[in-house]
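Asks: A single structure is presented below for examination.
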Amino acid sequence: MQGRETTDGTVGRTLAVLDLVAAFGRPVRFAEILPVAGLPKATLYRFLQALTHQDMLAYDEDRQTYAPGMRLVRLAHSAWAQSSLAPLAQQVLDRLAVDLGQTIHLAQLDNGAVLYVDKRNAKLPVEMFAQSGKVGPAYCTGVGKAMLAHLPEDKLAAALSRQSFHAHTPNTLTTPDALRDELVRIRQRGYALDDEEHETGIACLAAPILSGTGRILGAISVTTTTATTSRDQLLSLAGPVTQAAAQIAATADTWRFPEHKQA
């Protein structure tokens, strides 16, 4: 939290505490937050109190736990409606999910990470990491690589500096150079593949959603399992997926989006 402290002062540190509580993914006690917050006990308590008073956090007196508050939920809903591709892409996602019968993801790039903003489940749902609202790595996911491939060099360099390059599976690309080579191929063919690079047994094909000026807005993907879908079958879906991406892009070109922190 030190970087935020020097640039954003008290507001930045308070929001960092909010991020920290939300990252637990469950109601959390003060004693659990303190060791990872990097703040004095009194300072952390003051920030938690301020967030609770503003309804950004909810405090359960019986369990003595903190959790995201309803005001945060309302803000998240507003952000989803105003800044996300999801409302504009709903009909396209619905049609694609019905046509393909597979899991469909819509994602955007935020600070070098993948933010999943919408999802349609397959006819036979499969348990996987990607869910709406989750944040995932860009370097080893189809949607992530599809978006990275279309960043200008300065933003790409910044995004690559934020990747962990952890080997999730034997197929994961674990160096910036290997990823850059793959991004060149993605730009040439117009879509990205995740060949079990993030999760064993899960594969996907993703297409970038580009504005009329070539700015990356997001990406859409079809995700399946290697047990039910061969590589050739997955590649045969490139046409419908890239067409869906183009349809979303055409709709998005009539809508003014705020600038996202892509790198």
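The values are calculated or read from the model by the stated rules, or taken from the named source; none is laboratory data. Predicted, not measured: the structure shown is a model, and the values here were computed from it. In this analysis, Cβ positions are derived from the backbone assuming ideal geometry, glycine residues included, and neighbour counts consider all displayed protein chains. Just so you know, the surface numbers come from the protein's heavy atoms only, side chains and all, with ligands and any DNA or RNA stripped out. Shrake-Rupley method; radii C 1.70, N 1.55, O 1.52, S 1.80 Å.
Asks: Quote the accessible area belonging to residue 41 in square angstrom, nearest 10, computed with a 1.4 Å probe and with ligands, DNA and RNA left uncounted.
Replies: Roll a 1.4 Å probe over it and residue 41 shows about 140 Å².
Asks: Heads up, I need the accessible area for residue 66: 1.4 angstrom probe, whole protein in place, Å², nearest 10.
Replies: 10 Å²
Asks: Once a ≥ b ≥ c are taken as the square roots of the eigenvalues of the Cα gyration tensor of region 147-263, is the result rounded (a/c under 1.5), prolate (a/b larger than b/c) or oblate (a/b not larger than b/c)? Could you put the intermediate results ahead of the total?
Replies: Numbers: a/c = 2.14, a/b = 1.17, b/c = 1.82.
Since a/c reaches 1.5 but b/c is at least a/b, the shape of region 147-263 is classed as oblate.
Asks: With a 1.4 Å probe and all protein chains in place, put 165, 24 in order of accessible area, largest first.
Replies: Values: 165 30, 24 65 Å².
Largest accessible area first, the residues go 24, 165.
Asks: When the chain is fully extended, how far beyond the present Cα-Cα distance does residue 164 get from residue 185, taking 0.36 nm per residue of separation?
Replies: Taking residue 164 through residue 185 to full extension adds about 5.4 nm, to one decimal.
Asks: Below 8 Å between Cα atoms, with a sequence gap of 6+, how large is the relative contact order for region 8-73 in percent?
Replies: Values: 66 pairs, mean separation 22.7, N = 66.
The normalised contact order for region 8-73 reaches 34 percent.
Asks: If 61, 197 are ordered by their accessible area, calculated over protein heavy atoms with a 1.4 Å probe, which sequence runs from highest to lowest?
Replies: Largest to smallest exposure gives the sequence 61, 197.
Asks: Calculate, for residue 74 and residue 111, the FRET efficiency according to 1/(1 + (r/R0)^6) with r their C-beta to C-beta distance and R0 22 Å; round to the nearest 0.05.
Replies: On the way: r = 23 Å, r/R0 = 1.05.
FRET efficiency, residue 74 to residue 111: 0.45.
Asks: Using a 1.4 angstrom probe and counting only protein chains, how large is the accessible area of residue 199 in Å², to 10?
Replies: For residue 199, solvent-accessible area is about 50 Å².
Asks: Only helical DSSP H runs with n ≥ 4 go in: add -39500 (n - 2.57) per run for the chain, normalise by residue count and round the 222 nm mean residue ellipticity to 500 deg cm²/dmol. Please report the intermediate quantities before stating the final value.
Replies: Numbers: 10 runs with 121 residues, N = 263.
Computed ellipticity for the chain at 222 nm equals -14500 deg cm²/dmol.
Asks: Quote the relative contact order of the chain in percent (integer), defining contacts as alpha-carbon pairs under 8 Å separated by 6+ residues.
Replies: Numbers: 438 pairs, mean separation 42.1, N = 263.
Here the relative contact order equals 16 percent.
Asks: Shifting gears a bit: Per-residue HN-Hα couplings for region 239-252, Karplus 6.51 cos²θ - 1.76 cosθ + 1.60 at θ = phi - 60°, whole Hz, x for Gly and Pro?
Replies: x, x, 5, 5, 5, 4, 4, 5, 5, 5, 4, 5, 5, 5
Asks: Something else now. Once you have the Cα-Cα distance between residue 15 and residue 32, take 0.36 nm times their residue separation minus that, and quote the gain in nm to one decimal.
Replies: On the way: separation 17, 0.36 × 17 = 6.12 nm, distance 1.75 nm.
Answer, rounded to one decimal: 4.4 nm.
Asks: Further question: Keeping all protein chains in place and using 1.4 angstrom, which order do 221, 230, 236 fall into by accessible surface area, from largest down? Before the final figure, lay out the partial values.
Replies: Values: 221 5, 230 55, 236 80 Å².
Descending accessible area places them as 236, 230, 221.
Asks: Between (1) 1.03; (2) 1.00; (3) 0.96, which matches Rg/Rh (Cα atoms, Kirkwood Rh) calculated for the structure shown?
Replies: (2)
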